[in-house]
Structures are given as structure tokens and as C-alpha cells.
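What follows is a single structure, written as C-alpha cells, with notes after it.
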Amino acid sequence: MNAMPQAHDHHHDTGPPPAPSATPSQSYPVMGMHCASCVKTVEEAIAAVPGVESVSVNLATSKATVTFDPHKVHPQDLATAVKDAGYTLLVPEDKPRTDSHGDHAGMTDHSAHLFEGAQAEELADYRRRTIISAALTLGIMIVGLGHMLGGLMRVPWHGDPRLELLLATPVVWWAALPFHRATWAAARHFRTDMNTLISVGTLIAYTYSLVVTLWPSVFSADGAHPAVYFETAAMIVTLILAGRWMEARAKGKARAAIQELLNLRPATARAKRNGEFVDVDAATLVRGDEVLLRPGERVAADGVVILGGSSIDESMLTGEPLPVAKGIGDTVTGGTLNTTGSITYRVTRSGANTTLSQIARLVEQAQGSKPPIQKLVDRIAAVFVPAVFAIAALTFLVWAFIGPEPRFLLAMKAAVAVLIIACPCALGLATPAAIMVGTGRGAQLGLLFRNAAALESLAQIDTVVLDKTGTVTVGEPAVVGEWVSPEIDPREFWGVIAAMEERSEHPLAQAISRRAGTEEADTVAIADFAAESGQGISARAGSSRWRIGRLDDRRAALKADSPLARDLAAWEREGHSLALVSRDDAVVGAFAIGDRIKPDAAATIRRLKSHGWRVILLSGDRRTAAEHVGAQIGVDDVIAEVLPQDKHEVIRKLQSAGHRVAMVGDGINDAPALAAADLGIAIGTGTDVAKEAADITVLGHHAGAIADGVELGKRTLSTIRGNLFWAFFYNVAAIPIAAGLLYPFTGMLLSPAIAAAAMAFSSVFVLTNSLRLRAFRPVSSA
């Protein structure tokens, strides 16, 4: 047939992923970082290596992403530079290579195992140091405060500073050793960081108490034994170690989302070898291998079905709960779950090229990137620690010269409290922790954020442009209206339609054929089949001549006020393509063919508008068709009859008018518009995840995923802002209190031990607040 075709403005990409750049980024684990100052130190150390083009260090993921010239720099050079700065960069012994399962974010499988081992060892070390330190600190408190037990128990050695010294020494010199080592490494390079604050504060309290214990007359003129602060030094170490232990555990939970996805890769697959299917290591699969997939098994690599049929659960990629029917010619994605039948598929992508590996790579790149707001944090961190030392010194001098007696003790207590409470742990974790958890949760829901800057862009958007075909519509022609003459036998009618359309290659014929397949019909033999140029198709069935197509001559003969003529006019106003059916000289049927609107499109538009966005529908279709769709889904404006190559100009014009624009397209021929927009959101299949034009990629086809991505992005950004507010507010409020601001009014001075507890709590609070994103559920499924 040759009915009026409906314009389509998209196609599907089945080509290979883009080739890597000449100087690809590599990610390496970094051990020993705990604050924004640590990040700055590691970045500067790596950036100073000749041949390094760029470096970004992420505190939450504990990774450094480095772009360098492999002809000038060996990874071991980077490790040496980081070691000199007081940290550990884990690099493979040989040059970076691609993991057999997939190189996610440039890390080799060997590096990943090193990282996991180092993390487990670090966690165990913190646990061990915390438990021993806590036990010794408890002993110190019992000795130091034994007189408070009174009649409860007899403690003859209470208040003995020598016993406190004995218990405190292992805490200060063994449990706190990581702080001292890091402080020394920084001092050798004339730098300071949060470890400096902890180490100096602890050693001041310990050294003063040591002198008082061994030579009490040094600080006492009347012969009384001055107070010692061993419990303060020990408690500072114990609380900060406990905080780091909890921090390390929380980071592990935050990283879990990507690892959960990667764990979906089956270890073995049943592949054809020498004509027989045998179990093989899934990592050995290569393009062209034939793999048998049985019920309940997971797909081992991306492929195309060559035999059989089944339903595949793709929820781990798309977030869509219903299994997807798969038959010969359909694609299957590694990690998805086969539910019912058995199929054989041919591998098209394996290793680092699989969709699952691409997802992991993109998510880790997003987790390692920094939004513009983080640059402000980095600048603050660079001057924060020296400023804290200056405030602590000023605090000591003020108390020492104008404070009440005992001046020196109060001055030391206030200065140490300032040093301890000001550690910028929370400040350094505020942004990366939320990004890591948010992007990981997005991956579980089928939402991929290309970088952290995309999150910040969401806050500035005021206009969203939706490509029509494939975004708010299904992108496949279907019968959306029909009329069948009551004077004809329906079984005969649908039998003839099915037989004729089966022979037509026209795209709209397939829509009518699918509709005919849903009816009970007689088996009809046809003869003299012919395609009539510009009109459609014709054939003989029995003694009658049937035609399907435009049939302008038959339409002209219809009475203008007949029900069929009115239906045809209405369908045409809605922009649908028309196909009439005639038997001999009489019209016996008619079809309106159009692109169906996705069931959740209207709800999606309402959700987008609830964020204060103006929603525009963009289409290459005729204006009548586009406006009909726009009216049904409730958009604010419709821009129609736009050629694919001109879509980016629409975006530019909106931007020139002062709007901040988000573009939503299928990620293929919409790439120029996606790239031109302030925020590009690509919606499509898993094969499109490597598209570079989009800032956010939505896997799957349901329109609601667009709003899901917006809501998750805004929730993540809100969490970042909450974290930063807490981190800044905490330091702004805590430092003056630690310095003694409230002393004139309350007569109380903040204990360094309480300061240590508050500092540890601030970091745990930021991480815990970020972890709440793991429970994010879109509005549509909440």
C-alpha cells in the first residue's frame, strides 16, 4: 500500500560504541584520604607529575581519575608522587589493561581487587584500633574519675596520673599513629590537613599531661598537683577512630549500588564449542559466540536472539517491572534475567563493550566528577586548616593574657578544642557522598548521570523541550481509528485484509496487519496482487477486486455528511494517515494510522510542570498531528515541522530568549539538540548508553522515567545543599563555641573530648544523610 506516510524523526543505532580517546582517563584507588584538604593534596601531587593532563580526586569513592600521556607517564610515577604526599595510590604492576568483564572507569580487574582488599584491611585496622583505644580510654576514665564511684566500689588507685600515663601512651602513639604519619608527611611538604589538627591537638594535651605527671612543680607554684588531660587525649583519638570506622562502613554501603549491578554478570555461560553447548567461563565469550540461555539464567553478554523465544526481565537496567518478550532478531542485554522459555543468542558485545560495563563506567565517571559548587568547597578547604591554626593560636593568646585563672590550662583547653572541632571532614564529604549515592541509586532505576554538573544544571532549568516521536509517543505506527461497514462479514473482511497486508512492505501496512491479527478471520486466498503507485495495493479475492490505500477517487464519492466522511475529516485534522478499503466499487472499511501516545505521557508532563518548568513539544511531524498530541498530554507549546538537523536551532533560539533549556530526545538523531541544550536527557534502549551528547540517559522507554530522572537529580542536589549547609553551619557555629564564646555567659568551656565527638558526628551525619538517597522512589511508584 502507499497511504500517506507519517513523518518519523528518529532511528535506532545498532553500531559499535565510540572509540576511546587518544589519552583516556584511568581511575586508581587512593587510600588514606579523609577530608577536603586530603583531596587537594593528592590532586596537587598528581598534577605535578610531568605528562599529566588533568586529575580529579573524589573523597567519597576514594579514587583519582587521571588523564595522562602514557608515553611520558607510567602509573607507578603517579603512585610515587602520591606516596611522597603521605597517601597510597593503588596501581597495577603492568600498564592499564581492560578487564575481561569490563573496564569500569578505567580500573583494571587487578586494581579493583587491590582496592577491595585495601578497603577491607583499612576497615579492619580502624576496627582494631578503635576497640583497643576504647578499652584503654575506659580504663583511663575509671582511674581519673574513680573518686566519683564513691561507695560503689573501692578504687585505691583513683586519680593516679602515672597509671593514666601508662594507659594513654599506647592510645596516643599506637592507635593515633595514622594521624601522626599523615601529619609528618604533610609537614615535610609544608602543608597542613585535618590530620594535622588531630595530631597537634592530641599531642598538646598528652605532652602537657606528661610534663605535669613527671614534673608537677613546673606548672604548680603552691605544690598542688595540676590536672592532667590524658582522658581528653585518649578520648579524642578514640572518638575520631570510631568516626572513621563508621565513615568507612558507610562509604562501603554507598558504593554498593554499582557493585550490585556488576554482580549480576553470571560467572559461566553455556556456549557452543565444536558443535556442542558446554559450560564456559563467561569472561571468555567473544563476538560471534552462540550461547544457550535456559529459564532462570542470566544473560552473560549482549547479543541477538537467533533461535527460540522467551520473556526477559530487564528491570535491573530499565526499572520497568514487566518482562519483555524476545524473539528471533531481538536484542538481549548482559545481566538481565530469562524468565520462561529457552533461547539461543549470538554475542554482539562482550567484555568492556557490554551495556552493563558501559553503565558501570558512566556511573563511576559521574561519581568521580565534581559539580561547580564543589570548586568553591575546594577553594575553602585550601585555606581552611591554616585559618584554624591561626584561630587556635589567637584563642590561646587571648585566654593566656586576659582569661581567668588558671589561664594557661584554660587557654590550652580552648585551643585544643578549636583544633579538634574544626576538622573539615563533613565539608569534604558533603558533595561527593551525595553524588555517589544518588548516581548509584539512579543506575539501579535505569537513570545514568553523565557527570555531577548535570545535577547542578537541574536547579537552573526553566524550560524542557520534548522530542515527540519515541519520547512521548511509542514511535511505531498503529491503527488508532477504524470503520468497518456493517454490510460486510467481519470474518471475510479481516481475512482479506490480513492476506493482502501480509504481502505489502509499506510501514503502515504492518500496522494494519498487526490489527488484523487480533481478529478471528477466515483464511482467504488472493490472486493478482499488485502495488498501485501513489494509491496502495489491490488483489482479487473470490470474484471481487479489493483495494487498500489512499483511494482519493472513492473518498470523493462519499457524501459529505456521512458518518464515515466525518470520521475521515476528524482523523485527518488529528494528523493521522488514512487508508480506505474498497470491494469492487464500494468503500467497506477505513483506518486511521498514527503514533500512539505512551500511557504515562500526560502524567509525566504534569510532574515536569510541577517543578515550575515550561514544557514544549518538538516534532518533525505535520502541525496538526503534533498539536493533537500536545493537546492530549497537556504541554504548554508545540513546535512542529522541524527537520532533525534544525532541532538544535530551536534550542539556541530559546536560550537566546533567556531560557535555561533541557532537551529530551532519543539520544540518536537528536544528538545536536541534546548537546546544545543546558541539560540533555536521552531516553532510549540500553545500546544507547554510550551516547556522549546527553547529560542524563534514561534506559527503557516509559515516559515517566524522564520525570524520575528529574526528581532523583533534584533530590540529590537538595541533599548536597543540605550537607553543605550542615558542614558550613557546623564549623561557623562550632569554632567560636570551642574558643570560649559562651564562657562569659555560662561559665562553661567546651571540652576537647566533646569537640572530638561533635567532629566525628558531623561526618557521620553527612554520610547518613546522603545514604537516605538509597531509599529514593519515584513519585510514580512511591
### Task
Could you list which residues have their amide H under 5 Å from that of V324, counting only those 5 or more apart in sequence or on another chain, with H placed in the peptide plane?
I312, D313, E314
## Note on the structure
Charge dipole of the range 696-782 built from unit charges on the beta carbon (Lys, Arg +1; Asp, Glu -1), centred at mean Cα; most positive-end Cα among S751, V764, H702 is H702
### Task
Please express the shape of the range 393-481 as an equivalent ellipsoid: the semi-axes are the square roots of 5 times the eigenvalues of the C-alpha gyration tensor, given largest first in whole angstrom.
60, 13, 8
### Message
On a 1.4 Å probe surface of the protein chains, which of S562, S54 comes out largest in accessible area, and what is the full order?
### Response
S54, S562
#### Entry: Links that overshoot a 24 Å alpha carbon limit, given the list K326/K468; K559/K598; K40/K714; K598/K647
K326/K468; K559/K598; K40/K714
### Task
Any chance you could list the semi-axes, whole Å, largest first, of the equivalent ellipsoid that the Cα gyration tensor gives for the range 520-614, using √(5λ)?
37, 17, 12
### Query
Which distance in nm do the two modelled labels at A657 and S311 give, with both placed 7 Å along the Cα-to-Cβ direction?
4.6
### Summary
Non-local residues with an amide H under 5 Å from the amide H of S485, with H modelled 1.01 Å from N and Pro and chain starts lacking one, are G589
### Counted charge near T268, where neighbours are those whose Cβ lies closer than 10 Å (Asp, Glu -1; Lys, Arg +1)
-2
### Query
Considering only protein heavy atoms, what per residue accessible area in square angstrom results for the range 579-629 with a 1.4 angstrom probe?
35
### Task
Sort the range 440-564 into rounded, prolate or oblate with this rule: let a ≥ b ≥ c be the square roots of the eigenvalues of the Cα gyration tensor; rounded if a/c is under 1.5, and if a/c is not under 1.5, prolate when a/b is larger than b/c, oblate otherwise.
prolate
### Query
What translational diffusion coefficient, in µm²/s and rounded to a whole number, does the Stokes-Einstein relation yield for the range 584-663 at 10 °C and a viscosity of 1.306 mPa s, taking the hydrodynamic radius as the Kirkwood radius over Cα pairs?
109
### Message
Can you compute the FRET efficiency between F728 and T339 using 1/(1 + (r/R0)^6), with r the Cβ-Cβ distance and R0 = 60 Å? Round to the nearest 0.05.
### Response
0.75
### Task
Assuming R0 = 35 Å, can you tell me the calculated FRET efficiency for the pair V474 and F277, based on Cβ-Cβ distance, to the nearest 0.05?
0.45
### Task
Give me the net charge of E290's neighbourhood, meaning all other residues with Cβ under 9 Å from the Cβ of E290; Lys, Arg count +1, Asp, Glu -1.
+1
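The values are calculated or read from the model by the stated rules, or taken from the named source; none is laboratory data. Computed from a predicted structure; not experimentally measured. Neighbour counts are summed over all protein chains in view; Cβ atoms, including those assigned to glycine, are modelled from backbone coordinates with ideal geometry. Heavy atoms of the whole protein, side chains included, go into the accessibility calculation; ligands, DNA and RNA do not. Shrake-Rupley method; radii C 1.70, N 1.55, O 1.52, S 1.80 Å.
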